[in-house]
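Chemist: Please read through the structure below; I'll follow up with questions.
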Amino acid sequence: MIILEMMMPEFLILPENGAQLHYEVYGDEGPWLIFVSGLGGHGAFWRAQVEHFSKTHRVVIYDHRGHGESTGGDERSGIGQCADDLRLLIERLGAERVRLVGHSMGGMIVQKFVLEYPTKVEALAISGSGARLDVQARLLMKFRRRILLELGREDFCRLQTIITVGQIPPETTEDMVLAMESVALSKLPPSELVSARISSITKFDSSADLPKVLTPTLILSSTDDHTAPPKGGEDLHELIPGSRYKLVSSGGHFFPRTNPAEYNEILEAFLVGEEDR
């Protein structure tokens, strides 16, 4: 077991209501590399990337408002607020420029950020995401929100299990799946916060602005991601000038975590290429 060397966990006090944003920094030299999680909002999603990239980067992971060790978050929470929080975090780090990696909703957050603060981003990677939801994904997200608000949190987590159960290793037993579901339920933030984040995702559409992005960009999709199918990544690739597109062989929607070896290899090759420019 590898024990990662970490600076003391830090809390950024957010200005509007005193909420605390929990973040962790690994590595003491190299470019800043910040990983932005999706709807689940937990920085721990990126543990396999922390282990890999902290040898060459100052790696930052953090919990979104109201998730994990971070406080705050309400019906105003969404992609715009997350992008603002990311700006405050970068200011707290004292970083002039950063490398950003966002997955799923995190991919939308980093799109929003690079469009608003292009000079702050030296390299961008977006995985399991898109410029906007297609019709099927939008209907599914709205249905998930309805389940949450009308049937409750347990049924919301069970629906998530049904959606993702086909995207986990075949040796995973039913008991293991239900144990993961129980953990997800115990960590689920207040319903109004989750509802606001889902609404933000369904309304997001950066397609008209992405041709303005001049930052070197990598886009990754997984062949078996049914939540964010490869078509969304292909569309991003067409919209962002000079972007690179890579298709991961497997891993479902959570492929940075379920197929970290392939994901990390592709991301590392992109980042090393940017260093050689």
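The values are calculated or read from the model by the stated rules, or taken from the named source; none is laboratory data. Because the structure is predicted, anything quoted here is derived from the model rather than measured. Remember, those area values only see protein heavy atoms, side chains included, never the ligands or the DNA or RNA. Shrake-Rupley method; radii C 1.70, N 1.55, O 1.52, S 1.80 Å.
Chemist: Per residue, how many Å² of accessible area does region 24-182 show with a 1.4 Å probe? Walk me through the numbers on the way to the answer.
Modeler: Working: 7030 Å² over 159 residues.
I get 44 Å² per residue for this part.
Chemist: Would you compute, for the Cα atoms of region 205-259, the largest minus smallest coordinate along each principal axis and list the three values in descending order, in whole Å?
Modeler: Largest to smallest, the principal-axis extents are 32, 20, 14 Å.
Chemist: Follow-up. Report, to one decimal in Å, the Kirkwood hydrodynamic radius for region 1-115 based on all distinct Cα pairs.
Modeler: Working: mean 1/r = 0.0711 Å⁻¹.
By the Kirkwood definition, the hydrodynamic radius is 14.1 Å.
Chemist: Another question, then. For the chain, with all protein chains present and a 1.4 Å probe, just round the carbon and sulfur fraction of the accessible area to a whole percent. Could you put the intermediate results ahead of the total?
Modeler: Working: 7120 of 13240 Å².
Ligands and nucleic acids excluded, carbon and sulfur reach 54 percent.
Chemist: Using only the Cα atoms of region 113-255, construct the convex hull and provide its projected area averaged over every direction, in square nanometres to one decimal. Write down the numbers at each step before the final one.
Modeler: On the way: hull surface 37.5 nm².
If you wrap the Cα atoms of region 113-255 in a convex hull and average its projections, you get 9.4 nm².
Chemist: Still on this structure, I have one more. With θ set to phi - 60° and the Karplus curve 6.51 cos²θ - 1.76 cosθ + 1.60, what are the ³J(HN,Hα) couplings of region 106-120 in order, to the nearest whole Hz, using x for Gly and Pro?
Modeler: My calculation for region 106-120 gives x, x, 6, 4, 6, 4, 4, 5, 5, 6, 8, 9, x, 6, 7 Hz in order.
Chemist: Using a/c under 1.5 as the rounded threshold, could you call region 18-72 rounded, prolate or oblate? The axes a ≥ b ≥ c are square roots of the C-alpha gyration tensor eigenvalues, and prolate needs a/b larger than b/c, oblate otherwise.
Modeler: Numbers: a/c = 2.98, a/b = 1.83, b/c = 1.63.
Since a/c reaches 1.5 and a/b is larger than b/c, the shape of region 18-72 is classed as prolate.
Chemist: Given the -39500 (n - 2.57) contribution per DSSP H run of 4+ residues, what per-residue ellipticity at 222 nm results for the chain, rounded to the nearest 500 deg cm²/dmol? Intermediate values should be presented prior to the final figure.
Modeler: Working: 10 runs with 115 residues, N = 277.
When only DSSP H runs of four or more count, the value is -12500 deg cm²/dmol.
Chemist: I would also like to ask the following. Which three numbers, in whole Å and largest first, are the semi-axes of the equivalent ellipsoid of the chain derived from its Cα gyration tensor as √(5λ)?
Modeler: Square roots of five times the eigenvalues give 26, 22, 20 Å.
Chemist: For region 30-41, take each phi angle, set θ = phi - 60°, evaluate the Karplus expression 6.51 cos²θ - 1.76 cosθ + 1.60, and give the result in whole Hz per residue in order, putting x for glycine and proline.
Modeler: Going residue by residue, I get x, x, 6, 10, 10, 9, 10, 7, x, 4, x, x Hz, with x marking Gly and Pro.
Chemist: Too long at a 25 Å Cα-Cα cut-off: which of LYS55/LYS187; LYS187/LYS246; LYS112/LYS142; LYS120/LYS142?
Modeler: Check vs 25 Å cut-off fails for LYS55/LYS187; LYS187/LYS246; LYS120/LYS142.
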